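The values are calculated or read from the model by the stated rules, or taken from the named source; none is laboratory data. Quick caveat: nothing in here was measured; it's all calculated off a predicted structure. Virtual Cβ from ideal backbone geometry, glycine too; neighbours counted across all protein chains shown. Only protein heavy atoms, including side chains, enter the accessible area calculation; ligands, DNA and RNA are left aside. Shrake-Rupley method; radii C 1.70, N 1.55, O 1.52, S 1.80 Å.
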Amino acid sequence: MEEFAALGPDAWITVAVALAVVVALVWDISRPDMLLLGGLSVLLLSGVVTPDQAFAGFSNSAVLTVGALYVVAAGVQQTDALATLDQFLFSTSGGRGATLARFMLPTSFLSGLINNTPIVAMLTPRLQEWAAERGIPASKLMIPLSYAAITGGMTTLVGTSTNLIVAGLMEAEGYEPLQFFDVTWIGVPASLAVIAYFVLGGHRFLPDRGTPAPVVEDELEENTFELKVTVGSPLIGETVKEANLRHLDDAYLTHVRRGEQVIQASPRQGLEQGDVLTFNGTPAAREQLLQRSGLKRNIPEPDDERKPIRYRTLPLYEAVIAESSDLVGKTLREANFREEYQGVVLGIQRKDKPVTSPVGNTRLKAGDLLIVEAPGDFAKRWSSGRRDEFYLVAPRDGRGGGIPSGGTDTAAGSTANGASANGSSANGTAAEAASANGQAAPGEPREESEEGSSMMYVALGITGAMVVVAATGVLPIVTAAFVAALLMIATGCLSGAAAQKSLNVQVLVVIAAALGIGQAVETTGLARALAQTVLDATAGLGPVAVLVALYLATNLLTEIITNNAAAVLMLPISTATASTLGAPPAAFGLLVAVAASASFLTPIGYQTNLMVMGPGGYRFSDYARVGWPVTLIVMSITVGIIMVLYF
């Protein structure tokens with residue numbers, strides 16, 4: 001403990017700030033970017049870091065590279081290039097193991113070349129549909145999809161932002177930077193081992209949740225009720241707004257059913273005799289509405305009695321809120337969801353449980369899954385290049401856009417609480433749902449225009465060229481990514497507006513701010529003191545014990561805070577440990593890069609885990625039960641290969 005006794009005030013201020021930020025992230029007090037900026041500002045005001053040190057992260061090549069790669073990935077996604085894999089991924093042949101191998105191998109490979117978020121976002125709804133058609137529980141497929149994307153990101157330097165951050169930090173500190181394929185020596189064996197684990201028997205540990213829909217469906221059924229406009233009602237001829245049905249305390253009007261039409265409840269929507277008004281709210285709100293003149297309980301027709309209320313709706317979607325979304329920290333009413341997002345939220349699932357408080361008054365958090373009723377174009381509008389708002393937009397129950405939506409005011413009639421997911425219809429099949437959104441059903445040939453097909457090849461060509469010139473050292477990675485992003489826009493693969501929307505600004509700010517805090521950990525001597533503590537704790541146990549200790553510490557931080565922040569905080573400690581041991585810094589840089597990405601134990605450690613939680617119907621504990629063997633496999637391979645290559 002002598003090292004800590006020698007630390008000055010600046011180091012202890014850094015300790016206090018770092019601990020405060022970690023606790024705030026764990027308790028989800030605010031958005032990660034705001035918390036890290038707040039911590040950085042304290043260090044700046046107290047003089048622990050200079051302005052140059054605090055803001056150096058914003059000009060770090062890693063931040064610029066990550067931003068450019070967002071644009072490149074969006075260009076690939078926009079041209080639908082990834083969908084060409086459908087016929088291979090969704091073949092009808094083979095057993096459970098063959099099925100897992102068929103989609104895990106390509107997912108892992110692609111995740112080493114572009115950001116894995118659009119890959120998982122594209123495959124999740126299509127994998128859901130394919131599994132439903134064959135009676136396979138989605139819970140048997142979704143976690144392997146996420147884990148394949150995570151381990152695939154470890155296979156190249158551009159596979160994940162964490163690799164780029166570690167490389168950028170090491171270069172900024174004067175160490176030899178990591179090369180494009182340095183991490184491949186670990187990533188490829190780890191990825192193949194994880195795939196083999198699931199294929200050969202690990203899939204038996206995956207839970208059987210059946211269809212994920214019932215997780216919140218009972219809550220939806222309980223909170224949804226219908227009232228009918230009676231003969232001679234004073235509401236006839238009035239608009240929704242004029243009838244004072246727009247802003248209710250514990251309920252909101254989701255839509256109007258008029259014969260076979262389902263009409264969005266826009267403020268200007270007129271009411272007619274016999275209209276069935278569908279509300280989401282509490283029993284008390286229902287009784288208050290029944291006291292109004294001109295409304296009565298709706299008695300369903302004989303055919304409708306066999307159909308729960310939730311199936312007599314506009315298309316239903318599920319959307320997972322991203323950390324960078326404007327919805328985080330707001331209620332649906334404060335966010336004006338109906339107008340801004342063109343949809344109505346019928347229910348909210350948080351982690352593995354439905355939210356029981358009134359939907360419109362619930363403060364939203366990152367990772368919340370929203371059940372949204374919206375027109376059939378909702379998924380297309382919010383899933384294309386909008387990862388800043390939603391991690392995932394997918395169909396609910398494979399139902400897709402079959403009910404006609406009436407009325408002319410569809411834009412204004414969105415919802416008080418919307419979110420995103422793919423179109424679902426009251427009567428449509430999964431294949432019809434895909435068709436309604438301009439997609440082929442999984443495994444079916446896709447019809448593409450000549451122009452669309454050519455743009456797909458342009459996007460793939462640009463991405464391939466970027467990887468080649470970066471891997472061969474012709475251009476630095478940041479230059480290759482920057483030029484590739486510009487070419488995506490210049491060639492028309494992506495519009496300028498779509499490129500701007502594809503940038504996840506919150507992630508970029510988190511990286512830049514974390515780099516500033518990392519500077520404080522390094523310059524105050526705190527990193528060296530912590531490194532010595534690790535060495536003292538593992539004294540006499542050899543370098544393997546040191547590597548395992550640092551891996552576990554980094555991995556634990558990743559599971560409770562962001563992976564990028566974990567890498568930035570642990571890298572100075574790891575390089576200081578390497579310096580004390582006289583070991584190559586690259587070995588410890590690779591260890592941190594892999595450990596910070598290897599989030600398998602919780603759904604909150606990595607965004608692809610969050611993306612598949614709702615579609616798979618998972619519980620929080622499922623990740624720990626399935627993930628601990630994967631964690632041990634990846635850690636063993638990482639430590640073993642580093643020992644062989646560097647010691």
Next item on the list: Take the range 464-478 and flag every residue that is open to solvent by 50 Å² or more (accessible area, probe 1.4 Å) and not hydrophobic (A, V, I, L, M, F, W, C).
Entry: THR472, GLY473, PRO476
Margin query: With the structure loaded, tell me whether VAL592 is surrounded by 24 or more Cβ atoms within 10 Å (Cβ to Cβ) and within 20 Å of LEU515 (Cβ to Cβ) or whether it fails that test.
Written below: yes
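Residue by residue, here is whether (1) open to solvent by less than 10 Å² (accessible area, probe 1.4 Å); (2) of a type in the set (Ser, Thr, Tyr) holds:
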{"position": "ALA132", "(1), (2)": "no, no"}
{"position": "GLU171", "(1), (2)": "no, no"}
{"position": "SER191", "(1), (2)": "yes, yes"}
{"position": "ALA196", "(1), (2)": "no, no"}
{"position": "VAL199", "(1), (2)": "no, no"}
{"position": "GLY202", "(1), (2)": "yes, no"}
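Residues being farther than 18 Å from PHE620 by Cβ and either surrounded by fewer than 24 Cβ atoms within 10 Å (Cβ to Cβ) or at pLDDT 85 or above (or both): count how many of those fall in the range 345-359. Full working, then the answer.
Here is the first cut: in the range 345-359, the ones farther than 18 Å from PHE620 by Cβ are 345-347, 357-359.
Imposing the further condition that a residue be either surrounded by fewer than 24 Cβ atoms within 10 Å (Cβ to Cβ) or at pLDDT 85 or above (or both) reduces the set to 345, 357-358.
Count: 3.
Among the listed residues LEU289, LEU277, identify the single one that is farther than 28 Å from GLY376 by Cα, touching a Leu at 6+ places or on another chain (Cβ under 8 Å) and open to solvent by less than 10 Å² (accessible area, probe 1.4 Å).
Going through LEU289, LEU277 in turn, the sole match is LEU289.
If you go through the range 43-62 one residue at a time, do you hit one that is of a type in the set (Phe, Trp, Tyr), in a helix (DSSP H, G or I) and within 24 Å of THR558 (Cβ to Cβ)?
Of all residues in the range 43-62, those of a type in the set (Phe, Trp, Tyr) come to 55, 58.
With the extra rule that they be in a helix (DSSP H, G or I), the set shrinks to 55, 58.
Remaining after also requiring within 24 Å of THR558 (Cβ to Cβ): 58.
Yes, the range 43-62 contains a residue that is of a type in the set (Phe, Trp, Tyr), in a helix (DSSP H, G or I) and within 24 Å of THR558 (Cβ to Cβ).
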Check: Looking only at the range 4-19, which residues are assigned to a helix (DSSP H, G or I), open to solvent by 60 Å² or more (accessible area, probe 1.4 Å) and either among the charged types (D, E, K, R) or touching a residue at least 12 places away in the same chain (Cβ under 8 Å) (or both)?
Finding: ASP10
Item checked: Extreme residue, farthest from MET611 (Cα to Cα), among residues of the range 372-382 that are among the hydrophobic types (A, V, I, L, M, F, W, C) and modelled with pLDDT under 85 -> ALA374
Checklist line | Qualifying residues in the range 100-126 (those that are part of a helix (DSSP H, G or I) and more than 15 Å from TYR147 (Cα to Cα)) - the one farthest from the chain's Cα centre (by Cα) | finding: ARG126
Notebook entry, point to check: Does the range 252-261 contain any residue that is surrounded by fewer than 17 Cβ atoms within 10 Å (Cβ to Cβ) and of a type outside the set (D, E, K, R)?
Noted result: yes
Checklist line | Members of the range 265-297 found to be over 20 Å from ILE348 (Cβ atoms), in contact (Cβ under 8 Å) with a residue 60 or more places away in the chain and under 37 Å from the mean Cα position of the chain (by Cα), listed by number | finding: SER266, PRO267, ARG268, GLN269
Item checked: helices (runs of 4 or more DSSP H) within the range 524-621 that include 3 or more residues more than 23 Å from ALA121 (Cβ to Cβ) -> 526-537, 543-560, 563-581, 585-597
Check: Any chance the range 536-551 includes a residue that's of a type in the set (Ser, Thr, Tyr), open to solvent by less than 10 Å² (accessible area, probe 1.4 Å) and over 24 Å from GLY67 (Cα atoms)?
Finding: yes
Checklist line | Subset of the range 595-636 [polar (S, T, N, Q) and surrounded by 24 or more Cβ atoms within 10 Å (Cβ to Cβ)] | finding: SER597, SER599, GLN607, THR608, ASN609
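Looking at LEU40, LEU25, LEU19, LEU85 in this structure, which one is closer than 30 Å to THR491 by Cβ and either modelled with pLDDT under 90 or not hydroxyl-bearing (Ser, Thr, Tyr) (or both)?
Details: LEU40 fails: closer than 30 Å to THR491 by Cβ; LEU25 fails: closer than 30 Å to THR491 by Cβ; LEU19 fails: closer than 30 Å to THR491 by Cβ.
Exactly one of LEU40, LEU25, LEU19, LEU85 is closer than 30 Å to THR491 by Cβ and either modelled with pLDDT under 90 or not hydroxyl-bearing (Ser, Thr, Tyr) (or both), namely LEU85.
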